[in-house]
Each structure stands twice: as structure tokens, then as C-alpha cells.
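Since the structure comes first, as C-alpha cells, the remarks are kept for the end.
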Amino acid sequence: MSRDRAEQLKPTLKAVAARMLPPVTPIGFPASTDIDFSLIAPLSPGTLNNIGDPTVPGLEHRNVKDLEREVVGILAEWFQAPRQDRWGCVTTGGTEGNLYGLYLARTALPNGVVYFADEAHYSVAKAAHLLGLPAVRVPTRNGGELDYQQLAERVNTNRHRPAIVVATVGTTMTEAVDNVAAIKVTLDRVGIPDDRRYIHVDAALTGIPLVLLHGTHPSVNLSEVGHVDSLTISGHKFLATPEPCGVLITRRRHRDRVARSVSYIGGVDATIAGSRSGHTVLQLWWALRSLDRPDHQRRAERARAVAAHTVRRLTEAGWVAWRHKHAFTVVIKAPSPAMIQRWALATTGEWSHIVCVPGVTTEVIDRFVDELVAEQRNEYQPAPARAARRRWWQRQRVEHVGWPAAPHTGLPPVG
């Protein structure tokens, strides 16, 4: 590259660098920032292409499939995936993980119907639409958790068809958690046998922090007791990877249904993406190897402490704020548009949230609250928290717009 061309490009690079270091810590979207990746940064210009199944070496030597297998192995142990029936791969994130999970479900149960909560991530409805799967949205309760009685009624209406249930472990706005054990009991009660059901867990946000809380939580257990078929997590949300990514873990028997040998790559095509970045694999490996499980448990505990501090500070300031006991996420009455923009607060209707992932400190929260109070001191009269929370859920059900369901007969549309 000529010196003149380099000079022409510098302003753009400077602008990108500024976006990476905003004037305040963005607290509305979950992206941990407390793990140091500087020792692997010099490797970033090189090619690392993990083509195909990570358990098959293939012809492309510039890969880190051994590290991918290690990443999957560590997380599979954390989630207690059965050792004789497990497989996984690194993905681009939770959306690809949900698409892959439902793809595996459709392959196993071609005539299945997908059920998911109102508060499930938008990618679930999108994946069902892309795969042509009939989809049924189920109301929630308890601040965003799936309503199991409502699930039973909807599954019972279509009990002649297999049930594909997506459990959300950490909803987008409130970090509510669906209980897989309760879903299993519900399917048992309706009379859906094991060979006509598939449970996929979208644990992108809360899967790892929850499994670190008190051992393996029933909502993120892939063991025989848990009856989970597939599970996805995000890497950038809790493991602080600089690039968005995720991991999909499933039963090996599900992978075997979709795997195809491809001579061109000298391996097996068993993933959604063909070529996959080895650099995100390296980042996940570093996050899981440079820190051990107790280190990550302490990170999760500190993050929850920051979330508790956030609720306390906002409540003392007279601002409506609440969180689930296990959650990093704090739901608040939406502040002014200027504050929403400055602090990158994810907002739906009259409500915003703060996600206190590792890297968000009490000092950051104190600065936010001080600015909030200074701006709104004479303009805002807080409503009782319970009434505000009730209005939150009423508003979500009215305002939510979903993807259209794939064409089908006799089932309610998505949305």
C-alpha cells in the first residue's frame, strides 16, 4: 500500500477506534469487557478457517479445530452433556445457534410444531419461519417466564403432532428463565412421548452465569435427567470475546442425521456455516483457559452484586427499577431519549434495561444514576414498582410484533 493511500484511510480507522472506545460504558447491551485478550491479538492477521465438523481434521491445515473441540468439551462438562452422546461447534452467535437447534429438530421431527414464549429472542420466530416450521407463541408469567399451563393447552390442541419446545434461559429484556424440568412435566402431562418431542434451550444470555450459580441448574442441564436435545450460548455476552460468537451443543445422534461427507474439504459438513472463523474459536478457548471455572464464578457473582447495587441506587433515587434474583439485567423506567442514546440503553416502549455484565462497575452505574437524577430531578414522578411492572407486561403483549409463521393449517400464527 502506498503512503498516500494509507493517509487517506487513516481518518476512517480513527473513527472506528472511537466507536470502540465510547465516552461512557454502554450498559444496555450485554457485552462483557473484563478479560484481557492482548496475548492472542498478534495472531489476528492470520488465516484460521475451521471448515466443517470440528471432529474431522479436513484438508485445510490453517485451522484450530483442536481448540474448538476443547471449547466444546469444557462447556459440555459445565452443562453436564452426556459424554457418550454429545457434539458441538462454535457458531457466529445465539441466532445461528437457534437456527441450528431448530434445523436439527426439524430433521428429527419433520412434522413438528415449534412452541416458544412471548419473550423469546426474536431469532427463534425467524428461524422457524426460515425453516418452514409451524410456530405457536405462548404467553409468559412471573416477569417473562413461560406459562406452563398455557403451553399445555397449546400443545394439547396439536397433540397429534410432535412438539418442538424452545426454552429461553435469559430473556432479552428481563433475563427471565424458562424451567426445562417444568416443560418436561408439561409434555408428559399432555401425553407427548420422548420420541415425539425436542427441547432446544436458548441460553445465549444466562446459560453460563446460571450454571455457575449453584452447580448445574435444571434449565441448563443436558444430562439424561434434563432431557435437553440442544443448547446454545453466546461468547461475547459473558465470556467477553471481542468478536460476536457462540457455541451449540447437542446430542451426537442429532448431528449424525445432518452430517454429510464432502470430498472437496476432505471432511464432513455438519454445521450451518461452511467456513467458520478460527479466531472466535481462539478467543473462546482463551477465555475458558486463561480463567478457570471458579474465576468465572467470581465474575458472575461480582456482576450480580453490581446489578443489586444498580437497583438499590435507582430505588433510592426514586426511579422504578427491578431485577430477577439471579439476573444481571435491571429493568428501569425509560429515561429521556438523550440518556437512552448516550448510554446505549435497549428500550421497548416506556421501559429500558441495564445489563450489568462483567466490565460494568459500580462506578459506571453511579455515574449513570447521577446523570439521570441531575437531568430528571424536577421532571419525573415515579409510579409504584408493582404497578409499573404490571404495565410493562401488558404493554409488551400489545406492542410485540413477530415474524409471520410459515404457511400451515390449524395453528395460530406467530405474533
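The values are calculated or read from the model by the stated rules, or taken from the named source; none is laboratory data. Note that the structure is a prediction, hence the values are computed from the model and not measured. In this analysis, Cβ positions are derived from the backbone assuming ideal geometry, glycine residues included, and neighbour counts consider all displayed protein chains. All accessible areas refer to the heavy atoms of the entire protein, side chains included, with ligands and DNA or RNA removed. Shrake-Rupley method; radii C 1.70, N 1.55, O 1.52, S 1.80 Å.
Hey, can you find the accessible area per residue of the chain for me, probe 1.4 Å, expressed in square angstrom?
On the way: 18700 Å² over 415 residues.
Per-residue value: 45 Å².
Springs between Cα atoms under 10 Å define the GNM used for the chain, and in it the highest mean-square fluctuation of 23, 82, 134 occurs at 23.
Largest first, the residues 301, 243 sort by 1.4 Å accessible area into 301, 243. DSSP assigns beta bridges within the stretch 70-209; of those with both partners inside it, close to 20 percent run antiparallel. In this structure, the amide hydrogen of residue 322, modeled 1.01 Å from its nitrogen in the peptide plane, lies closer than 5 angstrom to those of 331, counting only residues at least 5 positions away or on a different chain. Taking the average, over residues, of other Cβ atoms within 10 Å as the packing measure, peptides 112-123, 37-48, 220-231 rank 112-123, 220-231, 37-48 from highest down.
Can you give the relative contact order of the chain as a percent, counting alpha carbon pairs under 8 Å and 6+ residues apart?
23 percent
For the chain, set up a GNM with springs between Cα atoms under 10 Å and report which of 144, 88, 58 has the largest fluctuation. Evaluated over the chain, the most mobile residue of the options is 58.
Take every Cα pair under 8 Å in the stretch 26-136 that's 6+ residues apart, average their separations, divide by the length, and report that relative contact order as a whole percent. Could you put the intermediate results ahead of the total?
On the way: 72 pairs, mean separation 17.8, N = 111.
Once divided by the residue count of the stretch 26-136, the mean separation gives 16 percent.
Between the listed residues 1, 16, 109, the Cα displaced farthest toward the positive end of the dipole of the chain, a dipole computed from Cβ unit charges relative to the Cα centre, is found at 109.
Structure remark: mean-square fluctuation, Gaussian network model of the chain, C-alpha springs under 10 Å; the largest value among 339, 173, 20 belongs to 20. Between residue 142 and residue 374, the modelled labels are 4.1 nm apart [label points 7 Å from Cα along Cα→Cβ].
For the stretch 244-294, the Cβ-based charge dipole about the Cα centre amounts to some 260 debye (Lys, Arg positive; Asp, Glu negative; other atoms uncharged). Each Lys and Arg adds +1 at its Cβ and each Asp and Glu adds -1 at its Cβ; summed about the Cα centre, the chain shows a dipole of about 540 debye.
Beta bridges per DSSP, both residues in the stretch 156-272: antiparallel share near 50 percent.
Contact order for the stretch 161-241, expressed relative to its length and based on alpha carbon pairs under 8 Å spaced 6+ residues apart, stands at 33 percent. Decide, for the stretch 214-303, between rounded, prolate and oblate: order the square roots of the alpha carbon gyration tensor eigenvalues as a ≥ b ≥ c, take rounded if a/c falls under 1.5, and otherwise choose prolate if a/b is larger than b/c, else oblate. Because a/c hits 1.5 or more and a/b fails to exceed b/c, the stretch 214-303 counts as oblate.
What share of the DSSP beta bridges in the chain is antiparallel, in percent to the nearest 5? Spell out each step's value before the answer.
Details: 26 of 42 bridges.
Beta bridges within the chain, antiparallel portion: roughly 60 percent.
Using a ≥ b ≥ c from the Cα gyration tensor of the chain (square roots of the eigenvalues), is it rounded, prolate or oblate, where a/c under 1.5 gives rounded and otherwise the larger of a/b and b/c decides, a/b for prolate? Judged from the Cα gyration tensor, the chain comes out oblate (a/c at least 1.5, b/c at or above a/b). Our summary of shape: the Cα atoms of the stretch 1-120 have principal axis extents of 59, 43, 29 Å, ordered from largest down, in whole angstrom.
Comparing 55, 140, 318 along the charge dipole axis of the chain, the residue lying farthest to the positive side is 140, per the Cβ-charge model.
Carbon and sulfur atoms: what percent of the 1.4 Å accessible area of the chain do they account for?
Solvent-exposed carbon and sulfur of the chain make up 54 percent of the total.
Which helices, counted as full DSSP H runs in the chain, have an axial Cα extent of no less than 18 Å and a Kyte-Doolittle average of -1.0 or above?
Helices meeting the span and hydropathy rule in the chain are 3-20, 65-78, 94-108, 362-376.
Under 27 Å of direct C-alpha separation, and excluding same-chain neighbours fewer than eight residues apart, residue 65 reaches these lysines: 237.
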